[in-house]
Amino acid sequence: MSFADILRQVDSEGARKMASKVPEWQDVEGLSFPTKLCTEQCSSSETARYKAGVALREYGRISGVPDAGKKPYLADLTGGLGVDSWAFSQVCEEVFYNEMDEILASGVRSNFGKLSADNITVHSNELVPGSLETILCGFKPDIIFLDPARRSDSGKKVFMVEDCRPDILTLRDELLACAPLVIVKLSPMADISLLARQLGDHVLGIHVVGSAGECKELLVIMDRDHHESYDITVHESESDFHFTPEEEDASSARLCEADRLAGKMLFEPGKALMKAGAYNLICERHGLSKLGRSTHLYVSEEIVGSLTGLGKWYRIESTDELNKRSMKETGKSHPRCEVTARNIPMSSDELRKRMGTTSGGDKHVFGVKCDLSGSNLLMVTTRLGNIRP
């Protein structure tokens, strides 16, 4: 293949990935996707729009003029493919885009022109401690956004904040000196409580952002004038759950009886809600009970509307003690079903094999531990579809 052919192939693969991530760009001709890595690491338009909304709300809070039409000036210091900057440009007066890779920055400059994102200026400078004022070159941001690279020099994926580049821990004070608000996107693998301790009492909030049942990213909001505890927001599918770590620590969960489950609703939290650690608080707020202290499946008399975007709902059809007989009989009755094992001494794959089932259908069988009965249960449930919040 010629070099031109290779470039066209890279662009074609990137375009296919971007069509699913950012469908709004699909029909824009001439967009460039310089590397495979930049398309893999960029935000989706869904999560980018969420970040833009967070930035606008936080700016309204600190400026005292929410919804008054005043727009912030924002600096995106690790611009990448520019999906976040593009989303920010729709709610900001001006966006200062900076990307350390000059080739990537050049391609993105062309893309912004084709996307009519005329309020974005493109720059390419390396961000290191002591360089921020020089990089900004007179630009006075209300908000600074960063998405540090989560790969080491050898290409290995990393998730601890001190291993990402640029290192936010060494830059924190410099960033807050240049802007009253700093928003940092980090790996969903990062430990929330450790992040808050490392970044200090300027942490106002941490957003756990989910999409399609997966935890996609953590957003850390730092406020120059904030010196108290932080709160946590879980967001997915237009649903939100807000709480503080102190609320979760003070909460407790009611455990349910194993023989009174048929006909009730089962809630399986999505990964974003579980990442946030609100294991007991959702019970207290919504009248749910748990199958076990470490079995994070919840039972309710009815569907809780405010939780529908944050997990899946099922109707419990029947329960039985988990043993060889019940696995064999359930497998014969439901040869095509989804299978999940929770807090029992076997994996989901092993449970499926013992039942002799294949994936498919609208039934979902759970093998779970129930603390009050002290036994393991086999529950047959029916998935209740895409319930809107």
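The values are calculated or read from the model by the stated rules, or taken from the named source; none is laboratory data. In this text the structure is predicted, and so the values were computed from the model without any measurement. As a convention, Cβ positions derive from the backbone with ideal geometry for all residues, glycine included, and neighbour counts pool all protein chains shown.
Taking the numbered list (1) of a type outside the set (A, V, I, L, M, F, W, C); (2) in contact with a Lys or Arg (Cβ under 6 Å, 6 or more places away or on another chain); (3) farther than 19 Å from residue 220 by Cα in turn, residue 147 passes all entries but (3). Scanning segment 84-116 for residues that are under 15 Å from residue 73 (Cβ atoms), outside any strand (DSSP E or B) and not acidic (Asp, Glu) yields a total of 6.
I'm checking my understanding of the structure. Among residues of segment 23-70 that are of a type in the set (D, E, K, R), buried (at least 17 other Cβ atoms within 10 Å of the Cβ) and touching a helix residue (DSSP H, G or I) at 6+ places or on another chain (Cβ under 8 Å), which one is farthest from residue 116 (Cα to Cα)? Outline the logic, then answer.
Step one: list which residues in segment 23-70 are of a type in the set (D, E, K, R), which gives 24, 27, 29, 36, 40, 46, 49, 51, 57-58, 61, 67, 70.
Among the residues that remain, those that are also buried (at least 17 other Cβ atoms within 10 Å of the Cβ) are: 46, 49, 51, 58.
Subset that is touching a helix residue (DSSP H, G or I) at 6+ places or on another chain (Cβ under 8 Å): 49, 51.
Details: 49: 17, 51: 20 Å.
Looking at the filtered set, the residue picked out is 51.
Scanning segment 42-74 for residues that are in a helix (DSSP H, G or I) and in contact (Cβ under 8 Å) with a residue 60 or more places away in the chain turns up 46, 47, 50, 51, 54, 55, 58, 59, 62, 63. Within segment 332-363, the residues that satisfy the criterion of being in contact with a helix residue (DSSP H, G or I) (Cβ under 7 Å, 6 or more places away or on another chain) and over 20 Å from residue 266 (Cβ atoms) are 354, 356. Inside segment 172-188, residues that are modelled with pLDDT under 95 and either farther than 9 Å from residue 218 by Cβ or more than 20 Å from the chain's Cα centre (by Cα) (or both) make up a count of 0. Exactly one residue out of 68, 75 is at pLDDT 90 or above and either small (Gly, Ala, Ser) or more than 23 Å from residue 105 (Cα to Cα) (or both): that is 75. Filter segment 153-171 for residues that are assigned to a helix (DSSP H, G or I) and surrounded by fewer than 19 Cβ atoms within 10 Å (Cβ to Cβ); which is modelled with the lowest pLDDT? Checking each candidate, the answer is 163.
Where helices (runs of 4 or more DSSP H) fall wholly inside segment 214-328, the ranges with 1 or more residues that are exposed (fewer than 15 other Cβ atoms within 10 Å of the Cβ) and aliphatic (A, V, I, L, M) are 245-250.
Against the test of being in contact (Cβ under 8 Å) with a residue 24 or more places away in the chain, on the phi < 0 side of the Ramachandran plot and of a type in the set (Gly, Ala, Ser), the options 348, 318, 359 yield a single qualifying residue, 318. State whether the residues of segment 115-125 include one that is small (Gly, Ala, Ser), under 24 Å from residue 71 (Cβ atoms) and surrounded by 16 or more Cβ atoms within 10 Å (Cβ to Cβ). Yes, some residue in segment 115-125 is small (Gly, Ala, Ser), under 24 Å from residue 71 (Cβ atoms) and surrounded by 16 or more Cβ atoms within 10 Å (Cβ to Cβ). Per the listing 209, 203, the residue uniquely more than 25 Å from residue 308 (Cα to Cα), of a type in the set (A, V, I, L, M, F, W, C) and in the same structural domain as residue 145 (by TED's automatic domain parsing) is 203. Among all positions in segment 254-265, there is at least one residue which is modelled with pLDDT of 95 or more, assigned by TED's automatic domain parsing to the domain that holds residue 378 and closer than 18 Å to residue 342 by Cα.
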